[in-house]
Each structure stands twice: as structure tokens, then as C-alpha cells.
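A.B. asks: Mind having a look at this structure? Questions to follow.
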Amino acid sequence: MRKRVSEMTDQVLPTDDPKSLISEAFAMGDEFPGPAEDLLLSWMLSLDVAADPRAAAVRLAARHAPDSASFDNPHIRRLADLLRQTATTDPAARGGRGRVAARRAATRSGA
């Protein structure tokens, strides 16, 4: 039997899923309409600029991904896979918002 989302919130930080997008999708389970890629992008854009998406994905995947195999919905299984991929992404290859934040920090420090 799957645990309720409310029973599993003790390990995930509020900043990991600020709009509860990931948690709500997994709570919907087989009712989640997808697409997983759109939800993951919305989740990433909802994170604070200073947040580490990889670390947040590690915690969210640990919470939600183990239950994904019990769903018949391919969208929820795809979301679990995307979270795992995000969690295992090489931080050195980080781009996008990470580069923008690094540029801003360098500009502020006068580098």
C-alpha cells in the first residue's frame, strides 16, 4: 500500500518543491495527465535561483520514485525517471540558471 504524501513530507525541504508540483503529481498517481517533461520544467522554474536542483531532485526522487513502479500511468513513471536523471546529473555540467547566477555573482564581486 502506498503512503500518503503527507506522511512522507518529513525528509523533503519546503524549498525542494515550492509549489508542490512534484508532490501533487505523485499524489494524483494514475490520474496525472502529464506530460512529465512540462511538469519537471515548471518545477525547475519554480525553484529559487540559489537552490540546487540536483540536491532537491535527490530528495524528491528518494521520496516519490520508489512508488512509481506501482503506477500504470506512463507519465508518472516518466516523471520519476526524469527526477532520477536530474538527481544524477553531473554538477560540473550545470548550465542555464547556474551560469547566470555565477555571472551575476562575479559581476557583483568585481571579477
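Computed from the coordinates by the stated procedures, all read-outs in this text should not be read as laboratory data. The structure displayed is predicted, hence computed values, not measured ones. All Cβ positions, glycine included, derive from the backbone under ideal geometry; neighbour counts span all protein chains shown.
A.B. asks: With Cβ to Cβ distances under 12 Å as the rule, what net charge do the other residues near LEU40 carry (K, R +1; D, E -1)? Kindly include the intermediate steps, with their values, before the conclusion.
C.D. replies: Details: positive: ARG78, ARG84; negative: ASP17, GLU37, ASP38, ASP81.
Net charge in that neighbourhood comes out at -2.
A.B. asks: Assuming 0.36 nm per residue, please report the length gained on full extension of the stretch SER42 to GLU24 beyond their Cα-Cα distance.
C.D. replies: 5.2 nm
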